[in-house]
Amino acid sequence: MADDLFNSFMNGPDERGRFGNYGGRFVSETLMPLILELEAEYEKAKDDPEFWAEMDDLWKHYVGRPSPLYFAERLSDHLGGASIYMKRDELNHTGAHKINNVLGQILLARRMGKKRIIAETGAGQHGVATATVCAKFGLQCVVYMGKHDVERQAPNVFRMRLLGAEVIPVTSGRGTLKDAMNDALRDWVTNVRDTFYCIGTVAGPHPYPAMVRDFQSIIGKEVRWQLAEQEGEGRLPDTVIAAIGGGSNAMGLFFPFLDDPSVRIIGVEAGGKGVNDKMEHCASLTGGRPGVLHGNRTYLLQDDDGQILEGFSISAGLDYPGIGPEHSWLHDTGRAEYVSITDREALEAFQLSCATEGIIPALEPSHALAHVMKIAPDLPREHIIVMNMCGRGDKDIYTVAKHLGFDMSDTEGRELD
Amino acid sequence: MTRIDATFAKLRAEGKKAFVAYVMAGDPDYDTSLEIVKGLPGAGVDIIELGQPFTDPMADGPTIQAAGQRALAGGMTLQKTLDMARTFRETDTETPIVMMGYYNPIYSRGVARFLSDAREAGIDGLIIVDLPPEEDEELCIPAQEAGLNFIRLATPTTDDKRLPRVMQNTSGFVYYVSITGITGSAQAEAGDVAPEVARIKAAGNLPVVVGFGITTPEAAARIAGVADGAVVGSAIVSRIAQGDTPAEVLEFVRTLAEGAHSA
């Protein structure tokens, strides 16, 4: 652990919401007073034991935390190297890590007296989590979702509507997650006095990146004690790995280990069809450069003139041209490594997890697992890798079926090759 | 004294209110857009707001978003916006140009390089929507040092506690956003706007112009009547979107200007 606070990686952000040069509060004046109010409210809640007691209670009884830390023995044997553990956040209520953060923000919204909740969603997991918690607390919920994503994630759209949320298909721009976030911000500017914007990842203006990270850090905190319980007191993972779109599940796993120099930290971006093919990926750190979008400075996919580019990935949840600002800072400082995985590699990992562990992963953590497949064989058995299984694959079966050439409407019961 | 200061001094001396017109640079294409911009002063426009297109205009409604997309699809760039200002300056050395847009294209070019280019092109002021006072070190302070006015947005959510901060590094004029919302959405009401303008004027010594939600000559007259000027953007851009010729667009602008000047 860090004795010297000045050398700690866990002190950020500073009072201006910066992680090094990244982060900040790049929003219109209309939103600024509200963001300052939110920051003040969050600072109060963070130090309030009652707030965390309520969170713990909901995490335990409503979400099902702690999620298991599971030794994937057959997968480890199959790869023939490191010992691979999966942090099973796909077992959470609603099927992903997203609800960890949503609960925190909704409790905050309640403290602030806000009755109307808005959210953006890509794959629909954050939208479903927000709709779920709003239903539980009787709050009005409006979810912005790119028209393109509404079409490719129909089951999640139906889930949200069942849960009482209004889903607004976004047609501005090109109708993806980035445009959904633009329209959510437009809604917020218009309804600023009664509306709380529940952001789904570690991005946006300060205090969102820090706040979402704090709520998601339950993932890494649990890994610390669970691994000690299973492998012996003081045993830390040697490597932690997570997939990154905006980067909230990764930040949640990484943060509690930032000041443990023995822990290697690897974030896996969506390489789409390959980072070298222009614009056919979502790897902001590998293929982008710093810029300002959606309230913060961070690495972005952009052209030479500072216009934002659309990303591309098989996974709608990773399909975002930016990344949380804290990741940009961890990248520049070298504390974390960032790599990319292609659609094809993620699909292979998806199938391997099904075949060796009986776990159908979402396409997002399949990216993390694909990188595990690359590095595990060269590592010794005593090397412990913890990968974040941050979502389950139910939502992705149609996409995967299509890529594997399997016709879901075929009632003849053809076997998969 | 900048061109903006001189314009307000002249209007004050004449007992007139300012009419500010917004158009998106490069909409629907560079040449048509330049023709419209060149005609604005003749149509009665006192200050030109020249929009710099951006892929993700978070504070703008559908009308301005679409205009930016048309301009980008036509190959508009920050360099071409600067070129347009420079070309305008060849024949008009008096009408102030305020570039309005978002920070990333400027940040991408490099702040120092942009400021020197903008000044050289004859741009007088900047309105950058996603740079609140909390981020003044980014562009606001360097811009003032480079001799450009940095015009701030004040909004209905800017309370008395916050107002001094908003006024602190502002120059030229203050742009009061008359609604909580995006451009071209709700209607601005003169009755709501008047006390807000008075509040902002009391907090600093700058002219206050009012924009967002003004679409007709009558509304321009009502709003200008309770402020130092009125801004119209989306209503003009809509005319361009529906395929009006530059002459038709400028005729519409003339009616708006007459409205504002009648106040």
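The values are calculated or read from the model by the stated rules, or taken from the named source; none is laboratory data. Given the structure is predicted, the values throughout are model-derived calculations rather than measurements. Neighbour counts are summed over all protein chains in view; Cβ atoms, including those assigned to glycine, are modelled from backbone coordinates with ideal geometry.
Looking only at residues that are under 14 Å from B:Glu135 (Cα atoms) and surrounded by fewer than 16 Cβ atoms within 10 Å (Cβ to Cβ) in the range A:5-35, which one is nearest to the other protein chains (Cβ to nearest Cβ)?
Taking the candidates together, the pick is A:Arg16.
Of all the residues that make up the range A:289-305, how many are surrounded by 24 or more Cβ atoms within 10 Å (Cβ to Cβ) and outside any strand (DSSP E or B)?
2
Suppose we filter B:Arg70, B:Arg12, B:Arg89 for residues that are under 26 Å from B:Ser185 (Cα atoms), not in a loop (DSSP other than H, G, I, E, B) and not aliphatic (A, V, I, L, M); which single one remains?
B:Arg70
Looking only at residues in the range A:244-259 that are within 14 Å of A:Tyr338 (Cα to Cα) and touching a Ser or Thr at 6+ places or on another chain (Cβ under 8 Å), which one is surrounded by the most Cβ atoms within 10 Å (Cβ to Cβ)?
The extreme case among them is A:Gly247.
Scan the range B:129-147 residue by residue and report those that are of a type outside the set (Asp, Glu) and more than 11 Å from every other protein chain (Cβ to nearest Cβ).
Answer for the range B:129-147, where residues must be of a type outside the set (Asp, Glu) and more than 11 Å from every other protein chain (Cβ to nearest Cβ): B:Cys140, B:Ile141, B:Pro142, B:Ala143, B:Gln144, B:Ala146, B:Gly147.
Can B:Ala43 be described as in contact with a strand residue (DSSP E or B) (Cβ under 9 Å, 6 or more places away or on another chain) and within 14 Å of chain A (Cβ to nearest Cβ)?
Taking the combined requirement at face value, the residue does not satisfy it.
Grab the helices (runs of 4 or more DSSP H) fully contained in the range B:98-151, keeping just those with 3 or more residues being in contact with a helix residue (DSSP H, G or I) (Cβ under 6 Å, 6 or more places away or on another chain) and among the acidic types (Asp, Glu).
Helices (runs of 4 or more DSSP H) meeting the threshold: none at all.
Please state which one of B:Ile236, B:Ile214 is under 25 Å from B:Phe8 (Cβ atoms) and in contact with a Leu (Cβ under 8 Å, 6 or more places away or on another chain).
Exactly one of B:Ile236, B:Ile214 is under 25 Å from B:Phe8 (Cβ atoms) and in contact with a Leu (Cβ under 8 Å, 6 or more places away or on another chain), namely B:Ile236.
Which numbered condition trips up A:Val102, out of (1) on the phi < 0 side of the Ramachandran plot; (2) more than 14 Å from every other protein chain (Cβ to nearest Cβ); (3) free of Cβ contacts under 8 Å to residues at least 60 places away in the same chain; (4) of a type outside the set (Lys, Arg)?
(3)
Answer yes if at least one residue in the range A:74-86 is assigned by TED's automatic domain parsing to the domain that holds A:Leu185 and more than 25 Å from A:Gly393 (Cα to Cα), and no otherwise.
no
For the range B:159-190, which residues satisfy the criterion of being part of a loop (DSSP other than H, G, I, E, B) and either without any contact (Cβ under 8 Å) to a residue 12 or more places away in the chain or touching a Leu at 6+ places or on another chain (Cβ under 6 Å) (or both)?
Scanning the range B:159-190 gives B:Asp159, B:Lys161, B:Arg162, B:Phe173, B:Glu189.
What are the residues in the range B:185-243 that are under 14 Å from B:Ala263 (Cα atoms) and small (Gly, Ala, Ser), if any?
Scanning the range B:185-243 gives B:Ala190, B:Ala194, B:Ala219, B:Ala220, B:Ala221, B:Ala224, B:Gly225, B:Ala227, B:Gly229, B:Ala230.
If the Cβ limit is 6 Å and pairs must be 6+ apart or interchain, which residue in the range A:356-380 that is surrounded by fewer than 19 Cβ atoms within 10 Å (Cβ to Cβ) pairs with which residue that is modelled with pLDDT of 95 or more and of a type in the set (Lys, Arg)?
A:Thr356/A:Arg74
Which of the residues spanning the range A:260-279 are out of contact with any helix residue (DSSP H, G or I) (no Cβ under 7 Å at 6 or more places or on another chain) and either within 14 Å of chain B (Cβ to nearest Cβ) or surrounded by 18 or more Cβ atoms within 10 Å (Cβ to Cβ) (or both)?
A:Gly271, A:Met279
Name the residue, out of B:Thr183, B:Thr245, that is surrounded by fewer than 20 Cβ atoms within 10 Å (Cβ to Cβ) and not acidic (Asp, Glu).
One residue alone meets the criteria, B:Thr245.
Just one of B:Arg109, B:Arg152, B:Arg162, B:Arg86 is away from chain A (no Cβ under 14 Å) and of a type in the set (Lys, Arg); which is it?
Result of the check over B:Arg109, B:Arg152, B:Arg162, B:Arg86: B:Arg86.
Condition first: touching a Lys or Arg at 6+ places or on another chain (Cβ under 8 Å) and more than 23 Å from A:His371 (Cβ to Cβ). Now tell me which residues in the range A:219-256 satisfy that.
A:Ala228
Just give me the residues in the range A:36-54 being within 14 Å of chain B (Cβ to nearest Cβ), within 24 Å of the chain's Cα centre (by Cα) and among the charged types (D, E, K, R), in sequence order.
Passing the criteria: only A:Glu39.
Per-residue answers, yes or no, for (1) surrounded by fewer than 20 Cβ atoms within 10 Å (Cβ to Cβ); (2) in contact with an Asp or Glu (Cβ under 7 Å, 6 or more places away or on another chain); (3) among the β-branched types (Val, Ile, Thr); (4) modelled with pLDDT under 95:
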residue	(1), (2), (3), (4)
A:Gly113	yes, no, no, no
A:Ile117	no, no, yes, no
A:Thr121	no, no, yes, no
A:Lys136	yes, no, no, no
A:Arg152	yes, no, no, yes
A:Leu163	no, no, no, no
A:Asp179	no, no, no, yes
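Applying the selection to the range A:19-42, what residues are touching a residue at least 12 places away in the same chain (Cβ under 8 Å) and charged (D, E, K, R)?
A:Arg25, A:Glu37, A:Glu39, A:Glu41
Going through the range B:222-263 one residue at a time, which ones are touching a Pro at 6+ places or on another chain (Cβ under 6 Å) and closer than 20 Å to B:Tyr175 by Cα?
Of everything in the range B:222-263, those that are touching a Pro at 6+ places or on another chain (Cβ under 6 Å) and closer than 20 Å to B:Tyr175 by Cα turn out to be B:Asp228, B:Leu256, B:Gly259.
So is B:Ala73 without any contact (Cβ under 8 Å) to a residue 12 or more places away in the chain, under 25 Å from B:Tyr102 (Cβ atoms) and either surrounded by fewer than 24 Cβ atoms within 10 Å (Cβ to Cβ) or within 14 Å of another protein chain (Cβ to nearest Cβ) (or both) or not?
It is true that B:Ala73 is without any contact (Cβ under 8 Å) to a residue 12 or more places away in the chain, under 25 Å from B:Tyr102 (Cβ atoms) and either surrounded by fewer than 24 Cβ atoms within 10 Å (Cβ to Cβ) or within 14 Å of another protein chain (Cβ to nearest Cβ) (or both).
With respect to A:Ser67, determine if the residue is within 14 Å of another protein chain (Cβ to nearest Cβ) and either farther than 20 Å from A:Lys98 by Cβ or in contact with a strand residue (DSSP E or B) (Cβ under 8 Å, 6 or more places away or on another chain) (or both).
Spelling it out, it is not the case that A:Ser67 is within 14 Å of another protein chain (Cβ to nearest Cβ) and either farther than 20 Å from A:Lys98 by Cβ or in contact with a strand residue (DSSP E or B) (Cβ under 8 Å, 6 or more places away or on another chain) (or both).
Looking at the range B:17-60 only, could you name the residues that are outside any helix (DSSP H, G or I) and among the aromatic types (Phe, Trp, Tyr)?
Residues satisfying the conditions are B:Phe19, B:Tyr22, B:Phe54.
Do you know which residues across the range B:112-126 are within 14 Å of chain A (Cβ to nearest Cβ) and surrounded by 21 or more Cβ atoms within 10 Å (Cβ to Cβ)?
The answer is B:Phe114, and nothing else.
State which residue is farthest from A:Asp149 (Cα to Cα) when the search covers only the range A:168-184 and only residues that are more than 11 Å from every other protein chain (Cβ to nearest Cβ) and touching a residue at least 40 places away in the same chain (Cβ under 8 Å).
Out of the qualifying residues, it is A:Ala180.
In this structure, does A:Val212 turn out to be facing chain B (nearest Cβ under 8 Å) and touching a Ser or Thr at 6+ places or on another chain (Cβ under 9 Å)?
Answer is no for this residue.
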